[in-house]
Amino acid sequence: MAPNDCLFCRIRDGLIPAQPLHRDEHCFVLQDIHPQAPVHLLVLPNRHVATVNDLQPGDEPLVGHLFTTAARLAAEKGIAASGYRLVMNTLGDAGQTVFHLHLHLLGGRQLGWPPG
Ligand code: AMP
Ligand code: ZN
């Protein structure tokens, strides 16, 4: 999919209104539009990467940055101590619906395991 057709690229570029909670040179953070927990944020690379399968050698710092950003947001949201879940759904069996890589940060309630 060309980034022009990608929902999250369009949000990144300001073509769809949104208020990112955070932006830096590598990533941005959105409030999930259909939250599944009291805290449900999405941490996204600025660069269009469709799925985890499309990550390349050399992307390790980017992926690490998504995680450290999520950890910082968890602290800011007050759920670092109570706990939270970081999830990247990948393709059909995982239920991925938007094909621009994103790390879900879920917390603020007891989360079930295993996931459905
Ligand atoms: P996934 O199913 O893992 O691909 O996750 C996609 C997530 O994006 C879902 O949790 C949706 O609720 C969320 N989502 C879809 N559209 C928007 C939007 N415009 N702004 C914020 N989150 C969105
Ligand atoms: Zn994209």
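Using amide H atoms built 1.01 Å from N in the peptide plane, name the residues 5+ places from Asn46, or on other chains, whose amide H lies under 5 Å from its own.
For Asn46, whose amide H was placed from the backbone, the distant partners under 5 Å are Cys27, Phe28.
Excluding ligands, DNA and RNA, what is the solvent-accessible area per residue of the range 3-107 at a probe of 1.4 Å, expressed in Å²? Could you put the intermediate results ahead of the total?
On the way: 5670 Å² over 105 residues.
Value returned for the range 3-107: 54 Å² of accessible area per residue.
Could you run the Karplus curve 6.51 cos²θ - 1.76 cosθ + 1.60 with θ = phi - 60° over the range 39-45 and give me ³J(HN,Hα) per residue in whole Hz, x for Gly and Pro?
10, 9, 10, 10, 10, 10, x
Taking the Cα centroid of the range 93-109 and of the range 13-61, what is the distance between the two, rounded to the nearest whole Å?
Between the Cα centres of the range 93-109 and the range 13-61 lies a distance of 10 Å.
In a solvent-free Debye calculation with one equal scatterer on each Cα, what is log10 I(q)/I(0) for the chain at q = 0.19 Å⁻¹, listed in the order of the q values?
-1.07
Just read off the accessible area of Val52 with the full protein assembly in place, 1.4 Å probe, to the nearest 10 Å².
60 Å²
What is the percent carbon and sulfur in the accessible area of the range 3-107, measuring with a 1.4 Å probe over the protein chains and ignoring ligands?
Of the solvent-accessible surface of the range 3-107, carbon and sulfur hold 54 percent.
Counting only the heavy atoms of the protein chains, how much of Glu25 is accessible to a 1.4 Å probe, in Å² to the nearest 10?
Approximately 150 Å² of Glu25 is accessible to the 1.4 Å probe.
The values are calculated or read from the model by the stated rules, or taken from the named source; none is laboratory data. Computed from a predicted model, the values in this text were never measured in an experiment. Accessible surface areas use protein heavy atoms only, side chains included; no ligands, DNA or RNA. Shrake-Rupley method; radii C 1.70, N 1.55, O 1.52, S 1.80 Å.
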